[in-house]
Amino acid sequence: MKSVVELDIDVPQAMLAELFADPANNPKWMHDIERIEPLSGILGEPRSVYRLVPKDGKMGFVATVVSRQLPTELRLSLEGPSVSVSIADKFVELSDQKTKLISEEIFRFKGAFNKMFGLLARWAIKHAHRRHMESFKRFAEGQR
């Protein structure tokens, strides 16, 4: 399953990319994340690994930075017990003060039950993706 969210954000491209690529910022805009726990590598750099710890004790993810081509692109891989998510985030400069964020998430559900759940939960998953990106927009614009 694929979800794509595009938002214009009133922040310069380089600043936006840096804010987004820093995992330490995740709990500041991801309303459901309590904290991150570095596991290996230099946090936020390619091949670094960290855990996203949710506030509600539900399913957490282990994130790996696949590539970091700032200020234009960031790729992550998330692994959870029932799903893997490939994430590609692009930062397109619209002007000196405005950037388009294009966030693409591809979900791969593990096992027949989880695949069925994924089909039934498509709308909720896409809605959560949009909610996270809009929350990031508010966070980033508040950092100016």
State yes or no: is Ser86 surrounded by 14 or more Cβ atoms within 10 Å (Cβ to Cβ), among the small types (Gly, Ala, Ser) and part of a strand (DSSP E or B)? yes
Exactly one of Arg47, Arg35 is out of contact with any His (no Cβ under 6 Å at 6 or more places or on another chain), among the charged types (D, E, K, R) and closer than 21 Å to Phe139 by Cβ, and that residue is Arg35
Restricting segment 56-79 to residues that are touching a residue at least 12 places away in the same chain (Cβ under 8 Å), assigned to a loop (DSSP other than H, G, I, E, B) and not charged (D, E, K, R), the one nearest to Arg35 (Cα to Cα) turns out to be Gly60
By residue number, the members of segment 1-42 that are surrounded by 14 or more Cβ atoms within 10 Å (Cβ to Cβ), modelled with pLDDT of 95 or more and in contact with a Gly (Cβ under 7 Å, 6 or more places away or on another chain) are Ala21, Pro23
Of the residues in segment 1-43, those that are part of a loop (DSSP other than H, G, I, E, B), among the small types (Gly, Ala, Ser) and within 19 Å of Ser135 (Cβ to Cβ) come to none
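The values are calculated or read from the model by the stated rules, or taken from the named source; none is laboratory data. A quick note: this is a predicted structure, and the numbers were derived from the prediction, not measured. FYI the Cβ positions are ideal-geometry reconstructions off the backbone, even for glycines, and counts take in every protein chain you see.
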